[in-house]
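Asker: Sending over a structure as structure tokens; questions will come in a sec.
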Amino acid sequence: MPDDETQTLNRGGAARTPAGPPPPQLPSTAGAPAPWLLRLIAVGLVLAALNLRPAITSLGALLEEVREGLHMSGSVAGVLTSVPPLCFAVFGVMAPRLARRFGAGAVVCAGMAAIATGLVIRPYIGSTAGFLAASALALMGIAVSNILMPVIVKRWFPDRVGTMTGLYSMALALGTALAAAVTVPLTGAMGGNWQSGLAVWAGLAALAVLPWIVLVRDRTPAPGQRLPGQPAPGQPAPGRTEAGRAARGKGTAAGRAAAHPADAPALRITRSRTAWALACFFGLQATAAYITMGWMPQIFRDAGVPAGTAGVLLAVTMAMGVPLAFVIPRVAGRLKQQGPIVIVLGLCGLIGYTGLYLAPAAGAWAWALLLGVANCAFPLALTMIGMRSRTGAGVVRLSAFAQSTGYLLSIPGPLLVGVLYQHSGGWGLPIALMAGLMIPQMAAGVLAGRARTIEDEC
């Protein structure tokens, strides 16, 4: 059985399955699902992916109006732009446990409902604290749904994982760019009311709830799920091994390790320099991405670019991820070391930030394109996560470590940009910070891109 089929939702495993030969990898206990159901789930995946970023990029396009309407300082606005990575780090870890308890489809359905609820109430709540809380509700729905998208794909499309992953990745990038491009024109069409311009995206999230209702009662485990300590197919039960018999019933650490072999080496990933390099690279690229989504339209607007054009420029930056998300992983997979790609992306970022500093309005389109290329460090990071372990279980642990640690590392960046902007009275220092962060990002990426695996270091 391939390694990726032995992956679990998290380190603890999942629903109980009977001993003996593995069950057939079908998404229903009664056999293959009806074609109409698969089409409905595909539509649900696309609609869910379209909703995974508009809460962020629509706010970036109207940040100035929101600040004025709620009387936010630059520092508080920085806190607001730091909320997405914080929520992704905190709430994302809840997704596997919720999926085991309620089923992945039900959790995604609830996630879409949380996004719709948060987006419809946050513009009208009337206070900064309420706006932050409603944003956190929407971002919680995004966090759990984002984590469970690959699980849904593996669960219902085990023979088309690449195709379906590409489909929802394109939808995610499209939703990101669409919200950035049309939020300002939509706001103008609705009388210039920023509350309506933000709330309109709740409708798309509400629409995304509908396809998932059919899966609310579906709790069939994803392919490869098993209980902690349940052996992989073809392996003896831990209690029947020599180590298991020796430690069984003694309540020792060794006994727990024997009873839960998948959990035993989990902490050792912190000994891997490659894992830490990947976590730092992921965190720094996430920092750049959330600074861009939260602040780039404001940089252009302060330079004299019209609000609508500033939103379109952000959309161009985000849209670069659609084609490059397919190209970069394929190129990276053919290279033994991914350092050269890291350097190219980093240099694009440095040139883009330099242009923003020297001539933000005159070269706006060029800087938007270059920063869009630089932001494609995200698919590169995901690709390297898959290449830095020899086993499927190792990839799961490395992905969880790199992403959770990385999102935590990315939280201060957007906040610091807001503080610097408020206290310096301009964008010189914030842009210098953005450019400066590209240097450690390139260094961490080169280290993470070396031809080695975490098993060599743990």
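Asker: With the requirement that a residue be under 17 Å from LEU172 (Cβ atoms) and surrounded by fewer than 21 Cβ atoms within 10 Å (Cβ to Cβ), what does segment 39-54 give you?
Answerer: Within segment 39-54, the subset under 17 Å from LEU172 (Cβ atoms) is 41-54.
Once the filter is applied, which keeps residues that are under 17 Å from LEU172 (Cβ atoms) and surrounded by fewer than 21 Cβ atoms within 10 Å (Cβ to Cβ), segment 39-54 yields ALA42, VAL43, VAL46.
Asker: Take GLY197 and decide whether it is closer than 22 Å to CYS87 by Cα, open to solvent by less than 10 Å² (accessible area, probe 1.4 Å) and either of a type in the set (Gly, Ala, Ser) or more than 22 Å from the chain's Cα centre (by Cα) (or both).
Answerer: It is false that GLY197 is closer than 22 Å to CYS87 by Cα, open to solvent by less than 10 Å² (accessible area, probe 1.4 Å) and either of a type in the set (Gly, Ala, Ser) or more than 22 Å from the chain's Cα centre (by Cα) (or both).
Asker: Could you tell me which of the residues LEU40, LEU52 is out of contact with any His (no Cβ under 9 Å at 6 or more places or on another chain), assigned to a loop (DSSP other than H, G, I, E, B) and modelled with pLDDT of 85 or more?
Answerer: Unique residue meeting the criteria: LEU52.
Asker: Only residues that are polar (S, T, N, Q) and surrounded by fewer than 21 Cβ atoms within 10 Å (Cβ to Cβ): list them for segment 299-320, please.
Answerer: Scanning segment 299-320 gives a single hit, THR309.
Asker: Still on this model: Quickly run through segment 389-434 and pick out the residues that are open to solvent by 50 Å² or more (accessible area, probe 1.4 Å), assigned to a helix (DSSP H, G or I) and hydroxyl-bearing (Ser, Thr, Tyr).
Answerer: SER424
Asker: Is one or more of the residues making up segment 167-178 at pLDDT below 90 and closer than 20 Å to PRO33 by Cβ?
Answerer: There is at least one residue in segment 167-178 that is at pLDDT below 90 and closer than 20 Å to PRO33 by Cβ.
Asker: Right, GLY425: over 23 Å from the mean Cα position of the chain (by Cα) and at negative phi or not?
Answerer: No, not satisfied.
Asker: Continuing with the same structure: Would you check if ALA362 is over 17 Å from ALA432 (Cα atoms), assigned to a loop (DSSP other than H, G, I, E, B), open to solvent by 20 Å² or more (accessible area, probe 1.4 Å) and of a type outside the set (Asp, Glu)?
Answerer: yes
Asker: Report, by residue number, each residue of segment 298-332 that is outside any helix (DSSP H, G or I) and modelled with pLDDT of 90 or more.
Answerer: ALA303, GLY304, VAL305, PRO306
Asker: Looking at this structure, is GLY105 assigned to a helix (DSSP H, G or I), buried (at least 21 other Cβ atoms within 10 Å of the Cβ) and touching a Lys or Arg at 6+ places or on another chain (Cβ under 9 Å)?
Answerer: Judged against the criteria, GLY105 is a match.
Asker: I need the full set of residues from segment 385-406 which are under 23 Å from VAL322 (Cβ atoms) and at pLDDT 85 or above, in order please.
Answerer: GLY406
Asker: Go through (1) of a type in the set (Gly, Ala, Ser); (2) surrounded by fewer than 22 Cβ atoms within 10 Å (Cβ to Cβ); (3) touching a helix residue (DSSP H, G or I) at 6+ places or on another chain (Cβ under 7 Å) one by one and return the number of the condition GLY175 breaks.
Answerer: (2)
Asker: Is it the case that some residue within segment 55-78 is open to solvent by less than 30 Å² (accessible area, probe 1.4 Å), under 12 Å from ILE142 (Cα atoms) and assigned to a helix (DSSP H, G or I)?
Answerer: Yes, segment 55-78 has at least one match.
The values are calculated or read from the model by the stated rules, or taken from the named source; none is laboratory data. Remember, predicted model here, so these are calculated numbers, not experimental data. Note that each Cβ is placed from the backbone with ideal geometry, even for glycine, and that neighbours are counted across all protein chains shown. The protein model used for the area step is the full one, side chains on, heavy atoms only, and it has no ligands, DNA or RNA in it. Shrake-Rupley method; radii C 1.70, N 1.55, O 1.52, S 1.80 Å.
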